[in-house]
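The values are calculated or read from the model by the stated rules, or taken from the named source; none is laboratory data. Since the model is a prediction, treat every value here as computed from it, not as a measurement. Virtual Cβ from ideal backbone geometry, glycine too; neighbours counted across all protein chains shown.
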Amino acid sequence: MHYYIFDQGNLPVEKFEQLQTEAAGLMAEFKISGEAARVTPLRSISDLVDTASQRGAKTLVACGSDDTFNLMLAALKGRDFVLGFIPFDENSYLAKILGVDSVQAGVKAIAARRLLKIDLAKIAGNYFVSFLEFGVMSHKLKTTGLFSSLQLLSVELKNIQIRIDDSYDLNLKALGGLIVNSRALSAKSKTIANPTDGNLDLLILEKLSKLQILKYRKTIAEGFLEEVPKTTVIKCKKIALLEPRGANLTMLGRIVAKFPATVEIIPQRLRMIVGKNRTF
Amino acid sequence: MDKDFANVEGPAETIVGPSVKIQGDLNSEGNINIEGQVTGKVITSQSVFVKEGAKITADISASNAVVGGEILGNLKITGHLILQPSAKVSGDIACLTLRVEDGAQFTGKCNMKAASAINGKKTPPPSDLELEAEE
């Protein structure tokens, strides 16, 4: 049985109801209707995941924003579901990764049921399939102009200390970096940001000249740090972020943890429904 | 590049940037490109590229290696090793084939045996027939 979790998030009521009706219509058309529940102030996503488990649902579908999906991941608590995602947000990052960039594409993918086992990254009780940032604010760079980009990437370098796989320590002065499981766009390098390889990719951005900032600001905004000169690239399974203490770790601008923190990969943990146009 | 050394090239899975200092055992299953400093061990089943300006105080174990920086430690290479003009190596080398370019500095012993010997197996003694042929 499919269990759909509808979450209004920050959407206006009218827009949300319009998308919900569209999704319900398409589900009926593709004969994948199941039980649907809406998140309310009294029924959290975690409560709904518990209900789905009690009802014996096998497929859990988040209908909402990236946050809806991430909260659903955090509520799984080791329970085994096939997961799906129907985006209600045009700018959904996850939708691009999974290749389901509209309500229709999301419903079609669930009907086609193309399943892939993908890696799940874990940090301080939170789970993610995309990436975390520290120092570099790629989402800000996407929307800022030239002058603001220069300001954002000309900040003072931070002393960064990171332990990799409990095997070696990395010390450097850098602008910041990314911890990547997957990205919204396919990179030139197929080995980086592949959520099926059982690894995390740590990308650290070193100091850039003004000319380099101008040349690479779009590349940095897309998260392709490996294409920027002098960037450090490490493939690993466990990353302990030690210094600078108190520095923010963000996911799409939202703070999810602070240094010190440990990020780990759980290989092939999720059974995920993906679309044809996925980035991996 | 010579035919023997052609397979040394390839995209790096691990890149250590110029301002990075690593302490500990750097293990990888892919190519490693080092521009910074490493103290400890470097181990990969693929190739290691030690760029000009890099400083390694570590033993290196790899399939192939191209060295343009400084290494203080032993190199155990099962395939091809290239010492570029800017290379400075202090330590013992074990490899299958070696190219030392003009200007490279090397202090240590060099042992060039079959790959199996580098991997820890003894090289079989030459047969009588081979000895006779050599005479």
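General observations
- Residue, surrounded by the most Cβ atoms within 10 Å (Cβ to Cβ), within segment A:102-131, restricted to residues that are farther than 22 Å from residue A:185 by Cα and of a type in the set (A, V, I, L, M, F, W, C): A:123
- Of the residues in segment B:92-99, not one is among the β-branched types (Val, Ile, Thr) and farther than 22 Å from residue B:112 by Cα.
- Residue in segment A:247-262 that is closer than 22 Å to residue A:167 by Cβ and at pLDDT below 90 present: no
Okay, residues lined up against (1) in contact (Cβ under 8 Å) with a residue 60 or more places away in the chain; (2) closer than 19 Å to residue A:8 by Cβ; (3) among the hydroxyl-bearing types (Ser, Thr, Tyr):
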| residue | (1), (2), (3) |
| --- | --- |
| A:59 | yes, no, yes |
| A:90 | no, yes, no |
| A:95 | no, yes, no |
| A:101 | yes, no, no |
| A:107 | yes, yes, no |
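- Matching strands (runs of 3 or more DSSP E) fully within segment A:229-273 where at least 1 residues are more than 14 Å from every other protein chain (Cβ to nearest Cβ) and either over 14 Å from residue A:200 (Cα atoms) or out of contact with any His (no Cβ under 8 Å at 6 or more places or on another chain) (or both): A:238-243, A:248-251, A:254-258, A:261-273
- In segment B:1-102, counting only strands (runs of 3 or more DSSP E) that sit wholly within it, the ones holding 3 or more residues that are surrounded by fewer than 19 Cβ atoms within 10 Å (Cβ to Cβ), more than 10 Å from every other protein chain (Cβ to nearest Cβ) and not charged (D, E, K, R) span B:97-100.
- Condition check for residue A:164: at pLDDT 90 or above and under 15 Å from the mean Cα position of the chain (by Cα): no
- Candidates B:86, B:47, B:90: the one that is farther than 19 Å from residue B:27 by Cβ, touching a residue at least 24 places away in the same chain (Cβ under 8 Å) and hydroxyl-bearing (Ser, Thr, Tyr) is B:86.
- Residues that are surrounded by 19 or more Cβ atoms within 10 Å (Cβ to Cβ) and within 17 Å of residue A:73 (Cβ to Cβ) within segment A:257-280 comprise A:257, A:263, A:265, A:269, A:270, A:272, A:273, A:274, listed in sequence order.
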